[in-house]
Every structure is written in structure tokens, then in C-alpha cells.
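The values are calculated or read from the model by the stated rules, or taken from the named source; none is laboratory data. Keep in mind that what you see is a predicted model, and the values were worked out from it rather than measured. We place every Cβ from the backbone using ideal geometry, glycine too, and count neighbours over all the protein chains shown.
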Amino acid sequence: MEAFLTSAILVALAEIGDKTQLLSFVLAARLRRPWPIVAGIFVATIANHALAGSVGVWMAHWIPEHWLPWIVGGVFIAFGLWTLHPDSLDDDPKIHQAGAFVTTTIAFFIAEMGDKTQFATIALGARFDALVAVVMGTTLGMMAANVPAVFIGEALAKRLPLDVIRWTAAAVFILTGVATFLA
């Protein structure tokens with residue numbers, strides 16, 4: 001349960017203002033098909049985070065046990081610092097002729113590659129060695145941050161205290177890193 005809850009909270013906080021949340025706003029505005037967009041986010045997140053979590057679990061078995069807390073703790077602290085830097089979208093997503101679901105699935109999967117939430121999923125997989133709990137938690141966190149973005153859109157983004165959320169997310173990552181050092 002700890003792996004699930006920690007994963008959900010960390011990713012939900014990290015996702016606020018993240019490029020994939022910005023992508024949610026853009027897709028919702030351009031496609032105006034919320035349910036296929038939500039389904040695409042879900043499928044892309046499950047696929048991406050299952051891959052990332054698997055890498056983390058594999059790394060936990062590959063890296064010497066006495067090094068793991070230091071590596072994972074350091075990674076969490078780095079994520080905390082990375083979270084303080086606001087993301088932006090590089091360019092508009094290309095609308096796939098197959099529709100909103102396929103466009104969202106492809107765009108989200110690609111946008112999540114190399115993203116801080118993907119790396120966080122790798123680190124969480126390594127820390128907890130509980131693939132299913134981590135993937136379920138990170139997916140819940142992604143959905144909690146992105147589904148409101150799809151349905152409420154930019155009006156929500158303008159009302160959220162993004163700086164406070166970003167600093168809170170950074171603090172949670174750094175505290176998780178410190179806790180990992182001490183575990």
C-alpha cells in the first residue's frame with residue numbers, strides 16, 4: 001500500500017504544470033472529445049509506466065543493495081529540483097487521422113518519454129520493487145492531474161497556485177529522497 005500511495009501522490013503533484021498536463025489542455029481545446037482523450041491518456045500512461053516501472057524493478061535487482069538507497073534517494077532529490085523548473089510544450093501535437101483516442105495515446109506516450117514522471121516511475125519501481133503497485137499508483141496520479149485538465153481546461157490552470165504546487169511537489173520529492181537515504 002505504501003508503494004501505491006507514495007507513487008500516486010508523488011506523480012500527481014509532479015504532474016501539475018508538467019508538459020503532459022499542458023498537452024492535456026491543448027488536446028482538450030483542439031479535439032473537444034474529452035472521453036477519448038481521457039482513454040488515450042490512460043492507455044499511454046499504463047504502457048509507459050509499466051515499461052518505466054519494469055526498468056526500475058530490474059535496476060533494483062541489478063544494482064548492489066547497499067548502493068540502491070543512495071542512488072534512488074539522489075534521484076528523488078534531483079527530481080525535486082527538476083520540478084521547480086516549469087515545463088512547456090515544444091510544439092503542437094499532430095492530429096492523427098484515426099481520431100482523438102489515437103492522437104492522445106501516441107502524443108502522451110511520446111511526451112512522457114524522458115519526462116520527470118517517467119523517471120520518477122523508474123525510481124519508485126527501484127525503491128519499492130513492487131511493479132503493479134507502483135504502476136497503479138503512478139497511473140492514478142497521472143489521471144488525477146490530467147483528467148481535470150481535459151474537462152475543465154485552461155480555466156483550471158489559471159486558478160491553480162502553480163508556484164505553490166510546484167514547490168510542494170519539489171519538497172515531497174526531496175523529502176522522499178532523504179527518507180530513502182535513511183531507510
Which listed residue, of Ala39, Ala44, is assigned to a helix (DSSP H, G or I), surrounded by fewer than 18 Cβ atoms within 10 Å (Cβ to Cβ) and over 11 Å from the mean Cα position of the chain (by Cα): Ala39
Of the conditions (1) touching a Ser or Thr at 6+ places or on another chain (Cβ under 7 Å); (2) surrounded by fewer than 24 Cβ atoms within 10 Å (Cβ to Cβ); (3) farther than 13 Å from Thr20 by Cβ, Val134 satisfies every one except a single condition; which number is it? (2)
All positions within the range 105-157 that are over 18 Å from Phe42 (Cα atoms) and in contact with an Asp or Glu (Cβ under 8 Å, 6 or more places away or on another chain): Phe128
Check off (1) under 25 Å from Arg127 (Cβ atoms); (2) surrounded by 17 or more Cβ atoms within 10 Å (Cβ to Cβ) for His61 and give me the number that stays unchecked. (2)
Can you tell me which condition Leu68 does not meet? The list is (1) surrounded by fewer than 13 Cβ atoms within 10 Å (Cβ to Cβ); (2) over 29 Å from Ser24 (Cβ atoms); (3) modelled with pLDDT under 80, and all the others hold. (1)
Here are some residues: Ala179, Ala123. Which one is surrounded by 22 or more Cβ atoms within 10 Å (Cβ to Cβ), of a type in the set (A, V, I, L, M) and either modelled with pLDDT under 85 or in a helix (DSSP H, G or I) (or both)? Ala123
Which of the residues belonging to the range 27-49 are closer than 27 Å to Ala170 by Cβ and at pLDDT below 95? Leu27, Ala28
Identify the single condition in (1) among the acidic types (Asp, Glu); (2) in contact with a His (Cβ under 9 Å, 6 or more places away or on another chain); (3) modelled with pLDDT under 70 that Glu154 does not satisfy, given that it satisfies every other one. (2)
Just one of Ser24, Ser54 is assigned to a helix (DSSP H, G or I), modelled with pLDDT of 85 or more, closer than 13 Å to Met143 by Cβ and of a type in the set (Ser, Thr, Tyr); which is it? Ser24
